[in-house]
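Heads up, the thing below is written out as structure tokens.
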Amino acid sequence: MPQVALAFKPADLRPREHVRSLLFDWDGTLFDNHGFNFRALRHALLLHNIAITEDWFHAHSGFSARGIVEEAARIAGSGADAGTVLGDRDAYAEDRLHEIAPVEPVLAVLLDAGDRKVGVVTGSNRSNIEGLLRLHGLEERLDTIVTRDDLQHGKPDPEGYLLAMRHLGVDNGNHVLVYEDSDQGIRAALQAGADVIDVRPLLNTQAPA
């Protein structure tokens, strides 16, 4: 049965020898961009007269970006098109990617993957993912990237992780390790049959006072 391990220090992130594939969430796991994502989405939603708070946004962390927009529009009684809102968000973010810093201990695991296959599964936009990959010279490190553009259902649905496993030629999750920072993402990975490392304890210990 798949299990969840908590990472309290960088050493807790190391995969065991039997693990052959590593899959990483993006937002808040590989890159410290939750605050940036909130600012970008708030900007886009305000263009459509929809207001959200940072607490509300973080409470929905782990859901797909489209799902967050659709829920915000529903609450506001707005008929705003989610695709248009996300396009406005991406336009805002495109020239500001340099503001997003990597989560160094988790990124170090990716860079030290050796002969393991490596992928990303995220609710973020593909163009934003690829922009950060280019910015940090990581394009050649990933064997697959699954984004919101590839999926019918976001996390906590396991569709994204199952698709990534198929891309990597993995027929089950027994030898897959997932790195996540949200309850929704952890549920998705477990339902896909993979073990999970929850990076939140480590990130909390590294947060500035």
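Evaluated with a Cβ-only charge set (Lys, Arg +1; Asp, Glu -1), the chain carries a dipole of roughly 180 debye about its Cα centre, given to the nearest 20. Sequence-ordered 3J(HN,Hα) estimates for the range 87-95 from the Karplus curve with 6.51, -1.76 and 1.60 and θ = phi - 60° stand at x, 5, 4, 5, 5, 5, 6, 3, 8 Hz, glycine and proline given as x.
Entry note: the range 34-97 has Rg to Rh equal to 0.92, where both radii use alpha-carbon atoms and Rh is the Kirkwood radius. Gain on full extension, evaluated as 0.36 nm per residue between ARG134 and ALA59 minus their Cα-Cα distance, stands at 24.0 nm. Dipole magnitude for the range 34-97: about 60 debye, using +1 per Lys or Arg Cβ and -1 per Asp or Glu Cβ, origin at the Cα centre. Couplings 3J(HN,Hα) of the range 29-45, computed from phi: 10, 8, 10, 7, 10, 4, x, 5, 4, 4, 4, 5, 6, 4, 4, 5, 5 Hz, in residue order, whole Hz [Karplus 6.51 cos²θ - 1.76 cosθ + 1.60, θ = phi - 60°; x for Gly and Pro].
Based on alpha-carbon atoms, the Kirkwood radius and the radius of gyration of the range 117-180 give Rg/Rh equal to 0.96.
Counted over the chain, the DSSP beta bridges are approximately 10% antiparallel. For the chain, averaging the sequence separation of C-alpha pairs within contact (under 8 Å, six or more residues apart) and dividing by the residue count gives a relative contact order of 34 percent.
Among LEU142, PHE38, ALA93, which residue has its Cα positioned farthest towards the positive end of the charge dipole of the chain, with +1 placed on the Cβ of Lys and Arg, -1 on the Cβ of Asp and Glu, and the dipole taken about the Cα centre? Final value for the positive-end residue is LEU142. Once backbone amide H atoms are built at 1.01 Å from N, PHE24 has GLY119, VAL120, VAL121, TYR179 as its partners under 5 Å, excluding neighbours fewer than 5 places away on the same chain.
Computed from the coordinates by the stated procedures, all read-outs in this text should not be read as laboratory data. Just so we're clear, the structure is a prediction, and the values are computed from it rather than from any experiment. Methodologically, a virtual Cβ is constructed for each residue, glycine included, from the backbone with ideal geometry; neighbour enumeration extends over all protein chains shown.
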